[in-house]
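One structure is given here, and the rest of the page talks about it.
The values are calculated or read from the model by the stated rules, or taken from the named source; none is laboratory data. A quick note: this is a predicted structure, and the numbers were derived from the prediction, not measured. Note that each Cβ is placed from the backbone with ideal geometry, even for glycine, and that neighbours are counted across all protein chains shown.
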Amino acid sequence: MDIEWTDTDPNTGQRRFLCAERFGGKWTFWFKYRRRGEWTHRFRPSVVAWESVLDALERRSQRRGVVSEADVQQVRKIIAQKRARLGEPEPETADDD
């Protein structure tokens, strides 16, 4: 499963194309600076990159049903672990009561 999106490189300010690929239960992140071409640069994803993946997974699970709840939970767990490691607080969620 591939998830693609764009952002701005924090070091250069250039637009970059990002791809998160899940294969064999593991996630690999790639980027490139041109739309056309091969994914050549690997990178360590930030919490923001993981949140983009989570958002895409949640949208896909609602629309197509091709994403399992286990995939969504795996990414949520990774985000929580990264935040804990960085000392970032969990975002507050709105209660539906």
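At-a-glance table
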| quantity | calculated |
| --- | --- |
| Which listed residue is of a type outside the set (S, T, N, Q), in contact with a Leu (Cβ under 7 Å, 6 or more places away or on another chain), without any contact (Cβ under 8 Å) to a residue 60 or more places away in the chain and surrounded by 13 or more Cβ atoms within 10 Å (Cβ to Cβ), from Phe31, Phe43 | Phe31 |
| Residue check for Val72: modelled with pLDDT of 85 or more and under 13 Å from Met1 (Cβ atoms) | yes |
| Qualifying positions in region 39-69 - more than 11 Å from the chain's Cα centre (by Cα), β-branched (Val, Ile, Thr) and within 18 Å of Thr28 (Cβ to Cβ) | Thr40, Val67 |
